[in-house]
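Below: the structure, in structure tokens.
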Amino acid sequence: MNKKIYILLVAIITIVFVVILLAPRENKKQGENEKVKIVTSFYPIYVMTQNITDGAQGIELTNLTQNNVGCLHNYTLLTSDMKKVEKADIFIENGLGLENFMEKIIGTYPNLKIIDSSKNITNKIEDDDEGTNPHIWTSIENYIIQIDTITNFLNEYNPENANIYQENCNKYKEKLNELKLKYDQELNDLKGKKVVCLDEALTYLIKEIGMECIQITTNHEESTLSADTIKNVINEIKNQNIKAIIVGEEAIDNAKTLESETDAKIYKLDSCMSENNYISSMQNNLKVLKQILENS
């Protein structure tokens, strides 16, 4: 082979190799063989995303925290948590400050795609002392908005699976809308009735029903109410003839004290943070709420 031709071929091959090496990687929405790795912040968000991504190809879904962690107030990231995020393409959070570790995640992984599922929520509950209540998912209406927000982002980022995401979203929303209709029809007579609530995670659910919630805020690390607070709540229950004390996983002892001193009864609702199906948990909540209606 002519030496000049040989040198020319080597130069061309070298240039092509360098161009390929330096060319920016295609976005995963252009179709890589690698899996799209999604990490969710805690169980309610994991359940949403699991329903949306069911059957989608090339998806690896992981939950950051253990499913029994519950709410993320004051949660401290573990080394194992950060390893999960390190490999992620997308991180999905509840938002509204619930994940107090987001600054650390964003600072450590600035190129990580973040989906804030609360982005389109408009009916935020505000408290002068506590700030925004982030437990939006206990409202079925909010839960549906969160699902739409997550779906829209995934459709944009990973269009190969967009049809599956959208189909799953629509089917899931259909079931949720049926559940919401049951709530509206079967709990209509609860509108305007007053209850004492000892779990702020349930406030959005109570508000959606139309009940008037007297929210008693407890510290997430120490849920025992002071003697003065208990005395004031007992007086309020008696003065306003309140018949229901709503609790979640915490504050049971407080509720028992209030129940023993008044005519109000304890009703335990599920804040949907445990390893259960959201719809079945909300169906069970419907049964409990109907008991309040029957006993009021």
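The values are calculated or read from the model by the stated rules, or taken from the named source; none is laboratory data. What you see is a predicted model; the values in this text were computed from it and never measured. Cβ: placed from backbone, ideal geometry, glycine included. Neighbour counts: every protein chain shown.
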Where in region 40-133 are there strands (runs of 3 or more DSSP E), lying wholly inside it, with at least 1 residues that are of a type in the set (Gly, Ala, Ser) and loosely packed, with under 14 Cβ neighbours inside 10 Å?
-> 131-133
Does Asn241 satisfy the condition of being at negative phi and among the polar types (S, T, N, Q)?
-> no
Extreme residue, nearest to the chain's Cα centre (by Cα), among residues of region 36-61 that are under 16 Å from Met273 (Cα atoms) and without any contact (Cβ under 8 Å) to a residue 40 or more places away in the chain = Tyr46
Residue satisfying condition, being outside the structural domain of Asn276 (by TED's automatic domain parsing), at pLDDT below 95 and within 25 Å of Gly55 (Cβ to Cβ), within set Lys175, Lys171, Lys87 | Lys87
Hey, Tyr183 over 17 Å from Asn133 (Cβ atoms) and either modelled with pLDDT of 95 or more or aliphatic (A, V, I, L, M) (or both) or not = yes
Assess whether Asn163 counts as being under 30 Å from Gly55 (Cα atoms), over 22 Å from the mean Cα position of the chain (by Cα), surrounded by fewer than 16 Cβ atoms within 10 Å (Cβ to Cβ) and free of Cβ contacts under 8 Å to residues at least 40 places away in the same chain.
-> yes
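Scan region 174-215 for residues that are in a loop (DSSP other than H, G, I, E, B), surrounded by 14 or more Cβ atoms within 10 Å (Cβ to Cβ) and in contact with a strand residue (DSSP E or B) (Cβ under 8 Å, 6 or more places away or on another chain) and jot them down. Don't jump to the end; show me each part of the working.
Kept after step one, since they are in a loop (DSSP other than H, G, I, E, B), are these residues of region 174-215: 187, 191-193, 198-199, 210-211.
Pick out the ones that are also surrounded by 14 or more Cβ atoms within 10 Å (Cβ to Cβ) and you get 187, 193, 198-199, 210-211.
Those that are in a loop (DSSP other than H, G, I, E, B), surrounded by 14 or more Cβ atoms within 10 Å (Cβ to Cβ) and in contact with a strand residue (DSSP E or B) (Cβ under 8 Å, 6 or more places away or on another chain): Lys193, Leu198, Asp199, Met211.
Based on what the data block shows, is Ser281 under 30 Å from Glu174 (Cα atoms), in a helix (DSSP H, G or I) and among the small types (Gly, Ala, Ser)? Reasoning before the result, please.
Details: under 30 Å from Glu174 (Cα atoms): yes; in a helix (DSSP H, G or I): yes; among the small types (Gly, Ala, Ser): yes.
Answer is yes for this residue.
Being of a type outside the set (Asp, Glu) and modelled with pLDDT of 95 or more is the filter here; which residues of region 112-123 pass it?
Leu112, Lys113, Ile114, Ile115, Ser117, Ser118, Lys119, Asn120, Ile121, Thr122
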Index of the failed condition, Asn170 passing every other in (1) more than 16 Å from Tyr204 (Cβ to Cβ); (2) buried (at least 21 other Cβ atoms within 10 Å of the Cβ) | (2)
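Within region 226-233, identify whether any single residue is surrounded by 19 or more Cβ atoms within 10 Å (Cβ to Cβ), assigned by TED's automatic domain parsing to the domain that holds Ser274, under 18 Å from Trp137 (Cβ atoms) and of a type in the set (Val, Ile, Thr), and answer yes or no.
Of region 226-233, the ones surrounded by 19 or more Cβ atoms within 10 Å (Cβ to Cβ) are 233.
Now narrow it down to the ones that are assigned by TED's automatic domain parsing to the domain that holds Ser274: 233.
Right, trim to under 18 Å from Trp137 (Cβ atoms) and you get none.
No: region 226-233 contains no residue that is surrounded by 19 or more Cβ atoms within 10 Å (Cβ to Cβ), assigned by TED's automatic domain parsing to the domain that holds Ser274, under 18 Å from Trp137 (Cβ atoms) and of a type in the set (Val, Ile, Thr).
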Of the residues in region 64-117, those that are in contact (Cβ under 8 Å) with a residue 40 or more places away in the chain and more than 25 Å from Ser274 (Cβ to Cβ) come to Lys87, Asp89, Lys113
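If you go through region 269-296, how many residues are in contact with a Gly (Cβ under 7 Å, 6 or more places away or on another chain) and surrounded by fewer than 19 Cβ atoms within 10 Å (Cβ to Cβ)? Give the derivation first.
Step one: filter region 269-296 for residues in contact with a Gly (Cβ under 7 Å, 6 or more places away or on another chain), giving 269, 271, 273.
Imposing the further condition that a residue be surrounded by fewer than 19 Cβ atoms within 10 Å (Cβ to Cβ) reduces the set to none.
The number of residues fulfilling the criteria is 0.
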